[in-house]
Amino acid sequence: MANHNPNDVSIPNGNYFALPFTPEEAALVLLSVPWDVTTSYRPGAAKGPDAILEASPQLDLYDFHYPGAWRKGIGTLEFDSTIPYTSKKLREEAEKVIIHLESGGSVEEEYAVKKLKRINKASRLLNEYVYREAKRWLDAGKKVGLVGGDHSTPFGLIRAVAEREGEIGILQIDAHADLRVAYEGFEHSHASIMNNALNGIDGVQSLVQVAVRDLSEEEAQRIDSDGRITCFSNHILSQNRFEGVNWQDQCRLIVDALPQKVYISFDIDGLTPEYCPSTGTPVPGGITFDEAVHLLFFVKASGRKIVGFDLCEVVPDPKNEWDANVGARILFKLCNFALL
Ligand SMILES: [Mn+2]
């Protein structure tokens, strides 16, 4: 750290943003979870952490909201290197299940049952792993951020944070509601993370969704009937905008719906697709990069505490760095807001 000159060109060192901190020295640690077993449309989120890590040293460290926040330390955790292999292997199984369902098969047929059993068991093990890792570092007094992976990956982190903090609210920026019940038979589908958090984690007292714009009827009914959920859908946000409500006032409405302790779950597809062209399930509409950053700032400026966060569904394009570049910049803002 003593030798780190933030004005020099950063030399990649295997850490996010090429920062010089060990996890022990850092106030915040990042856990990479390269896992995308249940992605339904276009895989690749398992490659997100590596790509973001590789793109991140090109960022300049000056933060316009909180200059020097990084000096508190952002550490990069070693992760279980078998995760991407298990993910790849199980993805092949999951794809067979999806093809089976798409061609009229059911999740009750033995062909699917056996595969689903294996996949669901592995997903539970992954959740346990993330929970243990997160708990270990939370117990050491650190904040923990997770870099996915698909949107199923943060379950263990949300659980560990909620256990520690008591009642928390989740701010979810996402094109999808992720309230499916065992989507395609996968208990821990990327499309089920918020259903699983609300049903499976006691401390999660509220969910505030932003930019949701691709929704099943069942999910819409769930939003209407579950008093813990407030959805600022893309539809509502656009309508307000067209009627002249500015983004600052929309941020106030969103943040007012959150409790004091906020966990941020950032699915990159919540942004407009120009910022995440390669993500697994892109949807037109969404909020811009600047709007997302202002919303995060507003959470912090309201006096709320950011107790943890994840960034998921960043899929790199092998031919260009843009998706990873945007991901690295969102990740840096998440870290800096969480550090203060
Ligand atoms: Mn999602």
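The values are calculated or read from the model by the stated rules, or taken from the named source; none is laboratory data. Computed from a prediction, not measured in an experiment: that's the story for all the values here. We place every Cβ from the backbone using ideal geometry, glycine too, and count neighbours over all the protein chains shown. Protein only, heavy atoms only, side chains kept; ligands, DNA and RNA dropped before computing areas. Shrake-Rupley method; radii C 1.70, N 1.55, O 1.52, S 1.80 Å.
On the chain, 51 percent of the accessible area sits on carbon and sulfur atoms, based on a 1.4 Å probe. Residue farthest toward the positive end of the dipole of the chain, with Cβ of Lys/Arg at +1 and Asp/Glu at -1: which of ALA46, CYS335, ILE99? Checking the options against the dipole of the chain, the answer is CYS335.
Accessible surface calculations at 1.4 Å, restricted to protein heavy atoms, place the chain at 43 Å² per residue. Placing one equal scatterer on every Cα of the stretch 210-319 and applying the Debye formula, the log10 ratio I(q)/I(0) at q = 0.11, 0.14 Å⁻¹ is -0.38, -0.62. Which lysines have a Cα less than 23 Å from the Cα of LYS114, not counting those fewer than 8 places away in the same chain? Partners found: LYS88, LYS89, LYS96.
Placing PHE266, PHE242 in order of accessible area, with the largest value first and a 1.4 Å probe, yields PHE242, PHE266. Dipole magnitude for the stretch 16-339: computed about the Cα centre from +1 point charges on Lys and Arg Cβ and -1 point charges on Asp and Glu Cβ, it is near 840 debye.
Mean sequence separation of contacting Cα pairs (under 8 Å, at least six apart), scaled by the length of the chain, corresponds to a relative contact order of 21 percent. A simple packing score, the average count of other Cβ atoms within 10 Å per residue, orders the peptides 144-151, 22-29 as 144-151, 22-29, with the highest score first. Straight Cα distances below 28 angstrom link LYS333 to the lysines LYS47, LYS72, LYS135, LYS142, LYS143, LYS261, LYS300, LYS305, LYS319, with same-chain residues fewer than 8 positions distant left out.
Relative contact order of the stretch 1-160, taken over Cα pairs closer than 8 Å and 6 or more residues apart, is 33 percent. With contacts taken as Cα pairs under 8 Å at a separation of at least 6 residues, the stretch 170-324 carries a relative contact order of 24 percent.
With the alpha-carbon atoms of the chain aligned to their principal axes, the span from lowest to highest coordinate is 61, 49, 41 Å, starting with the largest.
When both the stretch 156-191 and the stretch 280-340 are represented by their alpha-carbon centers, they are found 17 Å apart. Packing, as the average of other Cβ atoms within 10 Å across residues, places the peptides 193-201, 222-230 in the order 193-201, 222-230, highest first. The distance from the alpha carbon centre of the stretch 17-32 to that of the stretch 217-256 is 35 Å, rounded to a whole number. Phi-derived couplings, Karplus 6.51 cos²θ - 1.76 cosθ + 1.60 at θ = phi - 60°, listed residue by residue for the stretch 109-119: 6, 4, 3, 7, 4, 4, 5, 4, 4, 4, 5 Hz, with x used for Gly and Pro. Report the far tail of the P(r) of the stretch 146-294, meaning the percent of Cα-Cα pairs longer than 23 Å. Percentage above 23 Å: 32.
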